[in-house]
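For reference, the structure is listed below as structure tokens.
The values are calculated or read from the model by the stated rules, or taken from the named source; none is laboratory data. Keep in mind that this is a model prediction, so the values were computed, not measured. Methodologically, a virtual Cβ is constructed for each residue, glycine included, from the backbone with ideal geometry; neighbour enumeration extends over all protein chains shown.
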Amino acid sequence: MPKRTTDTEHHEVITVKTEVKELPVKLQEHELLDRAAHLADCHAQLAEHDEHSKNVRKELAKGRSAIELRRAILSGVVKNKEELRDIRVAHQTDLTARVFREVREDTGEIISERPLRPEEMQRKLGLVIPLGAQVEHGEIEKPK
């Protein structure tokens, strides 16, 4: 229903309808302090968010690096058609050939071979040292 009023210049005014619009309003001191506190809180939240974002990016980068490493290893395995595995290896001393060998137990393949050192040959010969010599050198105690 229209409302009749008189404005400051004594004009007759009819209000046909009213509505709500967002318009600027001057803040009072307490309102301004409240908004300033909210602004400071926003700054703190933003800094916290940025720090969290930085940490998440670091974790994602670590995860990516781990995936890239796994991919590189698997690429090498596929390309070379082989991979590293734990295999039992026998250490063999061949006194006749005077060599030390490392031999794969799964295939019998010799993976390394070298000449025996003098102390390795003596140890394998099973030399028996006389009891008197062992006592003199302090290797065993003299029987009582």
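What residue, among those in the range 86-111 that are of a type in the set (K, R) and modelled with pLDDT of 95 or more, is nearest to the chain's Cα centre (by Cα)?
Only one residue fits best here, namely R88.
How about the range 91-111: which of its residues are without any contact (Cβ under 8 Å) to a residue 24 or more places away in the chain, in a strand (DSSP E or B) and surrounded by 11 or more Cβ atoms within 10 Å (Cβ to Cβ)?
Hits for the range 91-111 are Q92, D94, V99, F100, R101, E102, V103, R104, I110, I111.
Considering only the range 52-90, how many residues are touching a strand residue (DSSP E or B) at 6+ places or on another chain (Cβ under 9 Å) and surrounded by 10 or more Cβ atoms within 10 Å (Cβ to Cβ)?
Qualifying residue count, the range 52-90: 3.
Considering only residues that are among the charged types (D, E, K, R) and over 20 Å from I111 (Cβ atoms), which ones fall in the range 68-95?
Hits for the range 68-95 are E68, R70, R71, K79.
Return only the number of the condition from (1) at pLDDT below 95; (2) of a type in the set (V, I, T); (3) surrounded by 10 or more Cβ atoms within 10 Å (Cβ to Cβ) that V16 does not satisfy.
For V16, the failing item is (3).
If I14 passes every condition in (1) in contact with a strand residue (DSSP E or B) (Cβ under 8 Å, 6 or more places away or on another chain); (2) in the same structural domain as M121 (by TED's automatic domain parsing) but one, which one does it miss?
(2)
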